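First the structure, in the form of structure tokens, and then the observations on it.
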Amino acid sequence: MTQPRQWKTTARAVTTAAALLAYAAPLPVWAQAASQAQPETLTALRQRPPQDEVIYFLLPDRFANGDPSNDHGGYAPERLKSGFDPSDTDFYHGGDLAGVTEKLDYIQGLGATAVWLAPVFKNKPVQTHGNYTGAAHHGYWITDFTTVDPHFGDEAAMRALVEAAHARGMKVYLDIVINHTADVIRYRECPDRPCEYRSRADYPYTRRGGLDGAAINAGFDGRDFSRLTRPDYAYTPYVPAGEESAKSPAWLNDPIHYHNRGESTFAGESSLDGDFAGLDDLLTEDPVVIQGMIDIFGGWIDKYGIDGYRIDTARHVNPEFWQAFIPAMLERAKARGIPNFHIFGEVFDADPAVTARFTRVDAYPAVLDFPFQKTAVEVASGKAGTDALARLFAADAIYAQGAETAAVLPTFLGNHDMGRVGFFVKQTNPDADEPEILARVKLAHALMMFSRGVPTLYYGDEQGFAGAGGYGNSRQDMWPSRTQVYAAEHPIGGRQAPYSTEAPLYMAIGEMARIRAADPALRRGRQIVRAAGDAPGLFALSRLDEAGGETLVLFNSSTAEVTAQVEVEPGSLRWQAVRGDCAAQASAPASYAVRIPPLDYLICKSTPQ
């Protein structure tokens with residue numbers, strides 16, 4: 001969740017399937033088509049490391065409507081009561097957990113092995129902030145952290161989804177929120193408008209006797225918030241009549257567990273302690289909040305056997321909270337028999353120095369790779385030279401465990417806040433024809449699927465959705481939409497029937513996922529950048545497996561064919577094509593001749609002597 005919008009010598013090319021059979025072990029069962037899969041045991045599924053996954057991120061409200069009876073969530077049918085209005089980009093459209101369960105075959109057929117759900121917890125259906133009124137279709141305005149939002153289903157629907165996914169060998173990740181809750185608290189000083197942020201220096205916690213005498217005499221250092229006795233050090237917070245018990249667990253209804261300092265400016269101190277577009281900002285320094293959140297989200301692991309958490313607004317919470325919360329979640333998961341529980345935080349910043357800090361200071365095992373998103377999209381769009389990728393991967397050294405941490409960073413090309421990869425490619429190339437746009441979007445996905453990290457697909461990209469921008473314009477319905485801007489869209493590759501498995505991008509991404517699944521080097525292999533330049537053109541990288549095998553992936557981001565000699569391992573003398581035309585032999589030890597068509601990629605695999 002980000003700030004709201006108002007806020008030959010070449011061998012003959014061989015087919016992918018034949019190439020896989022020629023050099024690889026059989027596909028893992030979790031990577032086979034659903035109709036052929038023999039599901040792993042749950043124990044085996046949980047042994048898979050995070051980098052083996054291909055994640056599919058979706059908003060349940062926009063993905064599939066399996067149960068129309070819950071469209072209004074049990075509320076009165078008026079749009080401002082239930083939040084249901086399928087003609088409005090910012091309201092509920094009817095998708096739910098039952099729909100996701102029904103479409104697991106579609107997701108698995110694409111090659112995804114893990115489903116990441118936008119928050120499914122019970123939300124305040126409709127909120128107004130300033131001049132903006134919208135509904136909680138996205139799931140980030142939580143009132144009850146312990147139950148499923150009735151627009152999406154109930155406990156049985158959640159359990160059925162997790163069990164169905166696990167039966168197919170697929171994992172389920174939940175998007176969780178800790179920084180804030182729904183907007184319930186008001187301030188006496190400005191009850192009907194946003195309040196300006198009031199800083200700790202100007203309005204210290206000791207103001208108005210906010211600490212008892214013993215705490216002051218003991219020398220309160222700003223960290224022992226168990227001694228805080230009143231919440232009105234900056235503003236005078238109150239809960240409006242009728243909402244005294246709006247939140248669950250019950251401790252969330254007491255304003256003393258919130259910062260109560262007014263609106264965040266998303267800079268400096270206010271980035272941690274300010275209300276996020278009016279949302280009530282939790283006092284995450286408070287021991288009650290720390291233990292309360294550990295109990296809440298540990299409970300979801302215990303109850304449903306969840307396989308991982310994406311953590312929203314990670315940068316807006318103090319490091320000490322994460323240092324307590326994350327180890328507790330990993331331990332809770334391990335006790336539930338989930339040793340590879342994947343935790344990754346949202347740190348919306350394209351600078352790896354910023355994102356890496358959260359793996360070093362805040363104790364995050366991984367963060368969403370926003371630097372990769374920016375770089376890969378710019379390279380695939382032709383906006384940047386391929387050396388931008390070389391610089392990005394060189395920065396892997398600054399993550400907590402270096403390349404080991406970089407290997408589990410979820411990489412992605414767009415999302416529900418910033419917009420879709422197709423939109424970015426079109427923006428950069430306004431005069432390009434449709435085949436060029438399609439080729440560039442395929443290339444962006446190839447960069448993601450075959451480089452280090454955990455590829456994360458944004459639902460609908462495989463159907464060619466591009467949209468008209470970020471936030472609401474990037475949250476299309478997968479079914480025929482009643483929202484004008486969605487219905488009028490011309491998808492990349494042409495409009496197909498809903499959930500088409502013959503859409504050009506669905507087929508292209510599926511091919512990539514099958515190649516990746518068949519080759520351990522493409523999932524876990526050490527990565528070496530082999531070639532890059534300061535203009536669009538060649539980018540080459542090798543993935544080396546533990547046995548010394550080498551998989552060479554070659555990309556061409558230019559509109560002209562590229563021929564070059566690329567450095568390889570000295571022992572990689574014989575080669576086989578995985579995708580495209582690959583020379584059968586190295587030109588000389590450590591040198592390999594390549595020819596890559598415009599806006600395309602090759603994958604070549606070394607073979608034993």
Practice item. Restrict the check to the stretch 179-193 and report whether at least one residue is of a type in the set (A, V, I, L, M), out of contact with any Leu (no Cβ under 6 Å at 6 or more places or on another chain) and in a strand (DSSP E or B). Key: no
Practice item. Using the structure shown, decide if Phe424 is at pLDDT 95 or above, farther than 17 Å from His342 by Cα and in contact with a Pro (Cβ under 9 Å, 6 or more places away or on another chain). Key: no
Review point. Considering only residues of the stretch 163-174 that are buried (at least 22 other Cβ atoms within 10 Å of the Cβ) and touching a strand residue (DSSP E or B) at 6+ places or on another chain (Cβ under 7 Å), which is nearest to Asp273 (Cα to Cα)?
Key: Leu174
Point to revise | Filter result for the condition that a residue is open to solvent by less than 20 Å² (accessible area, probe 1.4 Å) and in a loop (DSSP other than H, G, I, E, B), over Ser572, Ser542 | key: Ser572
**Study point:** Test for Arg336: is it open to solvent by 60 Å² or more (accessible area, probe 1.4 Å) and in contact with a helix residue (DSSP H, G or I) (Cβ under 6 Å, 6 or more places away or on another chain)
**Key:** yes
Exercise for review: Please tell me if Thr265 is open to solvent by less than 10 Å² (accessible area, probe 1.4 Å) and polar (S, T, N, Q).
Suggested key: no
**Study point:** Residues satisfying the stated conditions in the stretch 305-330, i.e. open to solvent by 10 Å² or more (accessible area, probe 1.4 Å) and farther than 13 Å from Phe348 by Cβ
**Key:** Asn318, Pro319, Glu320, Gln323, Ala324, Pro327, Ala328, Leu330
**Study point:** Which numbered condition Thr128 fails, given (1) open to solvent by 10 Å² or more (accessible area, probe 1.4 Å); (2) assigned to a strand (DSSP E or B); (3) modelled with pLDDT of 95 or more
**Key:** (3)
Check your understanding: Mind checking which residues of the stretch 72-84 are surrounded by fewer than 20 Cβ atoms within 10 Å (Cβ to Cβ) and in a loop (DSSP other than H, G, I, E, B)?
Key -> Gly74, Tyr75, Ala76, Pro77, Glu78
**Study point:** Residue in the stretch 291-307 that is among the β-branched types (Val, Ile, Thr) and either under 16 Å from Arg198 (Cβ atoms) or in contact with a Leu (Cβ under 8 Å, 6 or more places away or on another chain) (or both) present
**Key:** yes
Review point. For the stretch 364-387, how many residues are surrounded by fewer than 20 Cβ atoms within 10 Å (Cβ to Cβ) and in contact with a helix residue (DSSP H, G or I) (Cβ under 6 Å, 6 or more places away or on another chain)?
Key: 1
**Study point:** Any chance Pro498 is part of a loop (DSSP other than H, G, I, E, B), farther than 21 Å from Val379 by Cβ and in contact with a Gly (Cβ under 7 Å, 6 or more places away or on another chain)
**Key:** no
**Study point:** Subset of the stretch 581-609 (residues that are among the charged types (D, E, K, R) and more than 20 Å from Ala560 (Cα to Cα))
**Key:** Lys605
Check your understanding: From the list Gly111, Gly153, which one is under 19 Å from the mean Cα position of the chain (by Cα), open to solvent by 10 Å² or more (accessible area, probe 1.4 Å) and at pLDDT 95 or above?
Key -> Gly111
Practice item. Kindly indicate whether Gly94 is within 30 Å of Val421 (Cα to Cα), of a type outside the set (A, V, I, L, M, F, W, C) and open to solvent by less than 10 Å² (accessible area, probe 1.4 Å). Key: yes
**Study point:** Of all residues in the stretch 272-285 being touching a helix residue (DSSP H, G or I) at 6+ places or on another chain (Cβ under 8 Å) and open to solvent by less than 10 Å² (accessible area, probe 1.4 Å), the one that is modelled with the lowest pLDDT
**Key:** Phe276
Exercise for review: Have a look at Val425, Val441 and point out the one that is in contact with a helix residue (DSSP H, G or I) (Cβ under 7 Å, 6 or more places away or on another chain), closer than 30 Å to Arg357 by Cα and in a helix (DSSP H, G or I).
Suggested key: Val425
Study note, to complete from the structure: Residues of the stretch 232-253 being in a loop (DSSP other than H, G, I, E, B) and exposed (fewer than 15 other Cβ atoms within 10 Å of the Cβ), in sequence order, are Pro240, Ala241, Gly242, Glu244, Ser245, Pro249
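The values are calculated or read from the model by the stated rules, or taken from the named source; none is laboratory data. Just so it is clear, the model here is predicted, and its values are computed rather than measured. Counting neighbours? That spans all protein chains shown, and the Cβs are built from the backbone with ideal geometry, glycine included. Just so you know, the surface numbers come from the protein's heavy atoms only, side chains and all, with ligands and any DNA or RNA stripped out. Shrake-Rupley method; radii C 1.70, N 1.55, O 1.52, S 1.80 Å.
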